[in-house]
Amino acid sequence: MKRLFNEHIKRNIIELSGAWRFLLDPDNIGEDNGWQNGLPDGETVIVPSVWNNELGHLNYEGCGWYEKKFITNGGTLLLQFESVMTTSTVWLDGKKVGAHYGAFTQFEFIVNDINCGEHTLVVRADSRIDKKSFPQRYTDWFNYGGIARDVYAHELKGISILTNHIVYELSTDLKSVTVNAELELYNADASTLSSPVSVKIGEISIYSDDITLDGYERKTVKTPSVTISDIDLWDTDAPNLYTVTAATDTDDLIDKIGFRKIEVKNGDILLNNKSIELLGVNRHEEHPDWGFAFPAKLMKKDIDLICDMGCNTIRGSHYPNSKIFVDMLDEKGILFWSEIPMWGCGFGEEALKDEDVVARGLEMHKEMTKFYYNHPSIIIWGMHNEICTPYPCTYEISKQYNDHLRKNGGNRLITHAANHSFQDSSMEFDDIICLNVYYGWYGGSLSDWDKFVADFGEHIKKEGWENKPVIMSEFGAGALAGFHAHFDTVRWSEEYQRDLLEYCLELFHKTDYMRGTYIWQFCNIRTSPSMDINRVRYFNNKGILDEYRNPKASYFKVKELYHRYSGK
Ligand code: ADA
């Protein structure tokens, strides 16, 4: 996995990113013609990448085949894919090893008895959309296809460590922590093996014991709780991280953890017992020249810009972001909202009632909580975005997703981004209520905001939700970079966007029951041709910066206001 640090010292990792042979398959004939044994033809492409950035393939939706030859010492291999868009099927030496659905979460396949020498890995990525797709056709980002994040082959030896979740609870005074590990172990050998297993946090051992597993046995081990005193908290101003090392005699898994407490109390949000106002932006992990195959160097640049604006949080709208990006947030002390790509305006009632579709969302939540569990920066799990909550079936969807996130998501707040503010029974499940509202852009005018804020304040009292802090999770306006005019005349001008954001931020900041804002959006993004609503240039132009990260007038206004609100 591409991280800010090495996840393994003992384990041998073969990085498979780089040159792959590639061949488009618009008629999906590849499997019938044996391409899983190796491509008959093709060009060299560099992975990670999306084919839509290649000349002539901008709007291609369909199958694309990738082939990579690599040499290994053999034994048991764990094939790790950080993101393939969107349906992927994987073969090794012509033998199918597995398939996966979902564009934004990693997946892994374990294969045993591999000979030492050269092998052929083949992947079919399929970006087609149908009635059971997740998200659906109508979605406000571009439907890219390809191997969008990195690929690795791990050589597993003996008793191996697949995941290690550090479960903890801070003391009331936040000076000590009670902690245990939840390890997923796997015996990569055909024969029964025993090994010592240890877990250390920093230099402190929290577990050491022997374990015996049958051949190819997989087992979850929950270690006993121990208490560590005099810990250094993870906070936005002091993001202290601890290195966690889990090891057996033949394998290891290294991660980072930060101890922090996030909670809601009496309508406020508390980080480490201190009230915090969330000053944020919505950000897509997208760039017109890389699509969703977003390079780590640009992630740093985006974070620097977001910090320059005075933000303390980012919403990863609308899908799990690259782990290395979340590592960067852990290191910088930036708070993060992570969610699955349930872009609700595209899900009609038929889709929301389709068990396969709802199950796909639950699987994505399971993958998200499994692979992002230890990141201290993630303080919010988003169940979904703008699903049509007046449909009765959405309550059950929210209940299902909320149950999973509560049981398996660690110390985080749970919410969903709502665009039916006064008709949303799913808010019952939320720790914080989050509203997507666009007065002044999709209808209405700035003066409508004041009445909305007053009415919603009454609504939460009527529903008995006064203890739930409210966040404005989306609001904004489009602006064409370089297009200037006076505010009260011209939509699409930078000044119109700037003044709308100023009006909103000042109103929300002074509203007692509101505890945060996520502006829509950090920068312009390429969007889908299916978006038939005012997407000039086929871009969503509501960025505070343009798609090349050049600032619009709004950038400087947001920077002025967010720094004033935080006093930093
Ligand atoms: C919705 C949606 C965003 C974006 C926004 C817009 O709130 O959640 O992804 O599409 O509207 O720009 O209209």
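Show me the ranking of peptides 278-289, 127-138 by mean Cβ neighbours inside 10 Å, starting with the highest.
Result, highest mean first: 278-289, 127-138.
Could you report the accessible area of Glu458 in Å², rounded to 10, computed with a 1.4 Å probe on the protein chains as they sit in the structure?
Accessible area, nearest 10 Å²: 110 Å².
Can you bin the chain into rounded, prolate or oblate? Criterion: square roots of the alpha carbon gyration tensor eigenvalues sorted a ≥ b ≥ c, rounded for a/c under 1.5, prolate for a/b above b/c, oblate for the rest.
Taking the square roots of the gyration eigenvalues as a ≥ b ≥ c, the chain is oblate.
First check a/c for region 269-566, with a ≥ b ≥ c the square roots of the eigenvalues of its C-alpha gyration tensor; if it is under 1.5, answer rounded, and if not, answer prolate when a/b is larger than b/c or oblate otherwise.
rounded
Quick check on the chain: helices-only [θ] at 222 nm, where DSSP H runs of length 4 and up contribute -39,500 (n - 2.57) each and the sum goes over total residues. Nearest 500, please.
-6000 deg cm²/dmol
Skip the ligands, DNA and RNA, and give the accessible area per residue of the chain with a 1.4 Å probe, whole Å². Provide the component values of the computation, followed by the final result.
Working: 21230 Å² over 568 residues.
On a per-residue basis, 37 Å².
Against the longest alpha carbon principal axis of the chain, how many degrees, from 0 to 90 and to the nearest 10, is the axis of helix 446-463 turned?
Once rounded, the angle reads 70 degrees.
From the cross-link list Lys10/Lys96; Lys131/Lys366; Lys297/Lys332; Lys256/Lys323; Lys461/Lys510, which pairs have alpha carbons spaced over 20 Å apart?
Lys10/Lys96; Lys131/Lys366
Give me the percent of the accessible area of the chain that comes from carbon and sulfur atoms, probe 1.4 Å, all protein chains in place.
Percent of accessible area from carbon and sulfur atoms in the chain: 49.
What is region 134-250 by shape, rounded, prolate or oblate, if you read a ≥ b ≥ c off the alpha carbon gyration tensor as root eigenvalues and call it rounded for a/c under 1.5, prolate for a/b larger than b/c, and oblate otherwise?
Since a/c reaches 1.5 but b/c is at least a/b, the shape of region 134-250 is classed as oblate.
Using only the alpha-carbon atoms, how far is helix 393-408 inclined from the longest principal axis of the chain? Give it as 0 to 90 degrees, nearest 10.
60
Solvent-accessible area of Glu263, probe 1.4 Å, all protein chains present, reported in Å² to the nearest ten, please.
Its heavy atoms expose roughly 40 Å² to the probe.
Which value, in Å² rounded to 10, gives the accessible area of Ile159 with a 1.4 Å probe and all protein chains present?
Around 0 Å² of this residue is reachable by solvent.
To the nearest 10 degrees, how steep is helix 553-566 against the longest Cα principal axis of the chain, on a 0 to 90 scale?
It works out to around 90 degrees.
How many angstrom separate the Cα center of region 230-284 from the Cα center of region 384-436?
So the separation of the two Cα centres works out to 23 Å.
So how do 242-254, 59-71, 517-529, 213-225 stack up, highest first, on mean other-Cβ count within 10 Å?
Ranking, from highest mean packing down: 517-529, 242-254, 59-71, 213-225.
Amide H neighbours of Asn12 under 5 Å, at least 5 residues apart or on other chains, H built in the peptide plane: list them.
Distant-sequence amide H within range of Asn12: Glu155.
Taking the highest mean first, how do the peptides 184-194, 143-153 order by number of other beta carbon atoms within 10 angstrom per residue?
Numbers: 184-194: 17.6, 143-153: 25.1.
Per-residue mean Cβ counts within 10 Å order the peptides as 143-153, 184-194.
Could you work out the relative contact order of the chain? I mean the mean sequence separation of Cα pairs under 8 Å and 6+ apart, divided by the number of residues, in percent. All intermediate terms of the calculation are to be shown ahead of the outcome.
Working: 1374 pairs, mean separation 70.1, N = 568.
12 percent.
Of the cross-linked pairs Lys222/Lys370; Lys200/Lys274; Lys353/Lys399; Lys300/Lys559, which ones have a Cα-Cα span greater than 23 Å in the structure shown?
Over 23 Å Cα-Cα: Lys200/Lys274.
The values are calculated or read from the model by the stated rules, or taken from the named source; none is laboratory data. All values reported here derive from a predicted model rather than from experimental measurement. Heads up, the Cβs are rebuilt from the backbone with ideal geometry, glycines too, and the neighbour counts pull from every protein chain shown. Quick note on the areas: whole protein, heavy atoms, side chains included, nothing else; ligands and nucleic acids left out. Shrake-Rupley method; radii C 1.70, N 1.55, O 1.52, S 1.80 Å.
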